[in-house]
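One structure is given here, and the rest of the page talks about it.
The values are calculated or read from the model by the stated rules, or taken from the named source; none is laboratory data. Since the structure is predicted, the reported quantities are computational estimates derived from the model, not experimental observations. Every residue, glycine among them, receives a Cβ derived from its backbone with ideal geometry; neighbour counts consider all protein chains shown. Note: areas computed on protein heavy atoms with side chains; ligands, DNA, RNA excluded. Shrake-Rupley method; radii C 1.70, N 1.55, O 1.52, S 1.80 Å.
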Amino acid sequence: MDNIAGKRTGLSLVTHLATLVLVIVWIVPTLGLLITSLRDQDAISQTGWWRALQGAPQPYVLSIPVDDQVQRDGLWVLETNVFAGPTGEALPDDILDRSRVDAFGTSRLRGPTTEPGETVETRDGVTVTVEANGDLRAAAPERMTGQLVLPMALVAPPQLTLDNYAEVLTDMNTAERQQARSMGQQLDDMLFSDEALFGPFVNTMTVAIPATVIPIVIAAFAAYALAWMDFPGRGLLIAVVVGLLVVPLQLAFVPLTIIHGWLGIGKSFLGIWLAHTGFGLPLAVYLLRNYMVGLPRDIIENAKVDGATDFQIFTKIVLPLSFPALASFAIFQFLWTWNDLLVASVFLPADTDSTVMTRFVVTNLLGSRGGEWHILAAAAFVMIAVPLLVFFAMQKYLVRGMLAGSVK
Amino acid sequence: MLDSVIVSGIVTIIIGVGGMFAYFWASNWVLDHVFLPAKGEHAGRNINRANQIRPWLFLFPAMFALGLYLVVPVFYSGWLSVTSGVAAGGWYRNYSEIFANDTFRIALLNNMLWVLVVPAASTFFGLIAAQLTDRLSWGNIAKSLIFMPMAISFVGASLIWSFVYHPDIEIGVVNAIRGLFGAESGVTLIDGDIVDSFLLMVVLIWIQTGFAMVILSAALRGVPEETIEAAIIDGANSFDVFFKIKVPQIMGTIVVVWTTITILVLKVYDIVAAMGNQYRNLEILPTQMMRYFDSGNYGFATAISVVIMILVLPVMVWNIRQARSETR
């Protein structure tokens, strides 16, 4: 279509811009929380995450000793750097490295109002210049006494930290972790403490992996039968599978709670594996059958003529050829089981030994620590890191699977 | 502790997968060698019979699981909704009670709004995104980024957007943008107003637009070039080409996308549970259903799930008819 005359020129720039705006709107929310998860707890409440890289000016009052002043050209001159010497030592540690002066002043009452590089005069007749890098030059006609007391707004360099992640995974901040370690606690104890996110992370994996693998095997056999075996009622079964694709899961909750109770499964990992298997099967059978039916008929019929049994044809020919469809269902099912909150709320007990991350975040973190965004942001990214990895690594298969189900 | 959890997971996978393969292999072997051996005087007849039985061996585990986990529950839920806790007041008591409940009516109304707004908006944005990215050199990167929220859980997305909606003008992006236009301080965006549902819908639209985009973009590529060229020669501008030539030709796919998202919207629970759990005005049917389920009121819970099923029914019938017309 690009080669059609007069098509490209005018619209091109608008298209680029519109797409850019769309992409920015789509990634800004995620980006915001990602940056927040890497910021210091105090910084989060002081400035927006979009200012994370420029740092936030903090007001300080600096007392600069005047002992080093020298007489030059009839003036008493002091040249020093506010980040060095005793002045710098009085500042908090994190403000020292690579900090800069955002503004300074000469009156504590008026605060830091002068831009770095400019010169102002104090009430005592001392002219003061402070550069952004902290270099200070003070000059007075008479020998200065006491200390120069100057209010300054200092900007600490942006600090990104993984502390929030360590805190949410162990439920202890840095100080608490040190204390626990000195009391002889091992990493294992911290990770599996009651309010730590690491346990739910492991539980989520324990739910998602078997719940992805088991339905694939069951569905593959059924899909082969529906695609390549002739028997009465095949069309009806396919229709039933398509119908079951849209059955709301909610319908199954009360009956399955009762049935699992009868069977003695109750609320357990086994229960949720079976539930995810049952709920995932319609899509699995549907996707795999659609794919298998498109495999070349010749291969399968030749194998039959050569005396292969259905079981052999299935395991040796159809299954390997169906890899793209198997992969795309596996991704769907893995994303769905990893991200699920609803099924886990029904089929797993609520204690930390078996709860999954989504539920842990909603019931434990959002409730009791709803305002602590350093915790929530880190928890969110622990939760979505694995699906995002899977997504970017296997996007091709995901797209293929989606298209198999909907575009003719 | 960590070891035991991982070991039990691995053992389950081995038992599950190995067990399934063992079942299929063993049942086929028994069929071919014990019950209906392909030798002796009835060899031919046995082979035919074995081939009639074999499909059912392949289908049995799937049919059993589907039956137990989906088919039986549909009828069982229906049965419970007219028998559980209806001692006084007739079989329809659960239904008459929930329909008399204000919160249920709010939930039903909200659900309708979700079903109207989210599929329409997602499909619309998806279509726009598909058309925009189609011709760009960096289109695939753009697509990937718009598609990415698809991998994020509803709970994760709710956290992401709660942060965007944060009431502090120095924390929440929405309030910060209000600040650019002169607002002095932030406002609480989600405070239980009935219109706050739209803010929650944004989260789902954000997730589903990528899905719509991917499918519609494939469909747009399938539009024959002759039709576009003919339109341009006849003097159509880009908007005409898009809305009058391309869109009508991919209408079938648009409907599929629309209905798929509609089904998803009817099942959505996590977003409201994570973002608006304390507000009655934001309730939808699934959150209400879970409230009754958690409190052990199975009669009301199943009645609501049946209502959700009835809302899904038209799409289900349409899907089945589509599938049947294709297989024929």
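May I ask you to give the percent of accessible area on region B:132-173 that is carbon plus sulfur, with a probe radius of 1.4 Å?
Numbers: 740 of 1150 Å².
About 65 percent, which is the carbon plus sulfur part of the accessible surface.
Restricting the calculation to Cα atoms, region A:9-51 shows an Rg/Rh of 1.26 when the hydrodynamic-style radius is the Kirkwood one.
Ranking A:R39, B:R49 from most to least accessible surface, computed with a 1.4 Å probe over the protein chains only, gives B:R49, A:R39.
Which translational diffusion coefficient, to the nearest whole µm²/s, is obtained for region A:57-155 from the Stokes-Einstein equation, given a Kirkwood hydrodynamic radius over C-alpha pairs, 4 °C and 1.567 mPa s?
Details: Rh = 13.4 Å.
Diffusion coefficient, whole number: 97 µm²/s.
The charge dipole of region A:57-155, taken about the Cα centre with unit charges on the Cβ atoms of Lys, Arg (+1) and Asp, Glu (-1), comes to about 280 debye, rounded to the nearest 20.
Spatially, region B:165-189 and region A:340-408 are offset by 28 Å when compared through their Cα centroids. Relative to the longest principal axis of the Cα atoms of chain B, the long axis of helix B:285-294 lies at roughly 60 degrees.
Looking at the P(r) of region A:296-408, how many percent of alpha-carbon pairs lie beyond 24 Å?
Details: 3218 of 6328 pairs.
That tail contains 51 percent of the Cα-Cα pairs.
Calculated over region B:96-327, the projected area of the Cα convex hull averaged across directions stands at 17.0 nm². Phi angles across region A:141-148 convert, under the Karplus curve 6.51 cos²θ - 1.76 cosθ + 1.60 with θ = phi - 60°, into 3J(HN,Hα) values of x, 10, 4, 6, 10, x, 10, 8 Hz, Gly and Pro given as x.
A viscosity of 1.002 mPa s and a temperature of 20 °C, combined with the Kirkwood radius over Cα pairs in Stokes-Einstein, give a translational diffusion coefficient for the protein assembly as shown of 72 µm²/s. Mean sequence separation of contacting Cα pairs (under 8 Å, at least six apart), scaled by the length of chain A, corresponds to a relative contact order of 18 percent.
If you take all C-alpha pairs in chain A, what percent of them are over 29 Å apart? Pairs farther apart than 29 Å: 66 percent.
Within region A:9-51, what whole-number % of the accessible surface is contributed by carbon and sulfur, with the 1.4 Å probe and all protein chains included in the calculation? Provide the component values of the computation, followed by the final result.
Details: 1540 of 2110 Å².
C and S fraction of accessible area: 73 percent.
Against the longest principal axis of chain B, how steep is helix B:298-327, in degrees 0 to 90 to the nearest 10, with axes from Cα atoms? Tilt of helix B:298-327: around 80 degrees.
The B-A contact accounts for approximately 10100 Å² of buried accessible area, totalled over both chains at a 1.4 Å probe radius.
Rounded to whole Å, the principal axis extents of the Cα atoms in region A:198-406 read 67, 42, 27, largest first.
Based on Cβ point charges of +1 for Lys and Arg and -1 for Asp and Glu, what charge dipole magnitude is obtained for the protein assembly as shown about its Cα centre, in debye rounded to the nearest 20?
3520
Across peptide A:222-229, the average count of Cβ atoms from other chains found within 10 Å of a residue's Cβ is 5. Accessible area per residue (1.4 Å probe, heavy atoms of protein chains only) ranks B:T83, A:T87 as B:T83, A:T87, with the largest value leading.
Using a probe of 1.4 Å, the accessible surface attributed to B:K246 totals some 10 Å² when neighbouring protein chains are kept in position. Principal-axis analysis of the Cα atoms of chain B puts helix B:197-221 at an angle of about 70° to the longest axis.
Summarise the long-distance tail of P(r) for region A:250-296 by giving the % of C-alpha pairs beyond 17 Å.
Details: 495 of 1081 pairs.
Value for region A:250-296: 46 percent of Cα pairs lie more than 17 Å apart.
Taking a span of 30 Å or more along the helix axis (Cα atoms) and a mean Kyte-Doolittle hydropathy of at least 0.5 as the rule, the DSSP H helices of chain A that qualify are A:9-37, A:198-228, A:269-292, A:373-406.
The residue list B:F242, B:G222, B:L204 was ranked by how far each Cα lies along the charge dipole of region B:188-293 toward its positive end, using unit charges on Cβ atoms, and B:L204 comes out on top. Can you work out D for region B:33-136 in µm² s⁻¹ from Stokes-Einstein, where Rh is the Kirkwood radius over C-alpha pairs, the temperature is 25 °C and the viscosity is 0.890 mPa s? Taking Rh from Cα pairs, D becomes 121 µm²/s.
Any idea which of A:A378, A:M152, A:T127 is furthest toward the positive side of the dipole for chain A, if Lys and Arg beta-carbons carry +1 and Asp and Glu beta-carbons -1? So the residue we want is A:A378. Farthest towards the positive end of the charge dipole of region A:198-406, among the residues A:V254, A:F329, A:F347, is the Cα of A:F329, using unit charges on the Cβ of Lys, Arg, Asp and Glu. Apolar share of the accessible surface for region A:57-155: 44 percent from carbon plus sulfur atoms, 1.4 Å probe. Pick from A:Q333, A:Q185, A:Q41: which residue has the top mean-square fluctuation in a GNM of chain A where Cα pairs under 10 Å get a spring? Looking only at A:Q333, A:Q185, A:Q41, the biggest GNM fluctuation is shown by A:Q185. What are the residues of region B:255-272 that lose 30 Å² or more of accessible area, with a 1.4 Å probe, going from their chain alone to all protein chains? Residues of region B:255-272 that lose at least 30 Å² of accessible area once the other chains are added: B:V256, B:K267, B:Y269, B:D270. Averaged per residue, chain A has 45 square angstrom of accessible surface, using a 1.4 angstrom probe with ligands and nucleic acids left out.
Hey, can you find the accessible area per residue of region B:166-294 for me, probe 1.4 Å, expressed in square angstrom?
Values: 5440 Å² over 129 residues.
Ligands and nucleic acids excluded, the result is 42 Å² per residue.
How large, in Å, is region B:133-246 by the Kirkwood hydrodynamic radius built from its alpha-carbon pairs? Don't jump to the answer; show the numbers that get you there.
Numbers: mean 1/r = 0.0579 Å⁻¹.
Radius from the Kirkwood sum: 17.3 Å.
Across peptide B:299-310, the mean count of Cβ atoms from other chains lying within 10 Å of each residue's own Cβ comes to 3.
Using a 10 Å cut-off on Cβ to Cβ distances, tally the other chain neighbours for every residue of A:195-204 and report the average as a whole number. Intermediate results must be reported in sequence, preceding the final value.
Values: counts 0, 0, 0, 1, 3, 0, 0, 5, 2, 1.
Taking the mean over all residues of the peptide, I get 1.
When nucleic acids and ligands are ignored and a 1.4 Å probe is applied, A:L160 ends up with an accessible area of around 100 Å².
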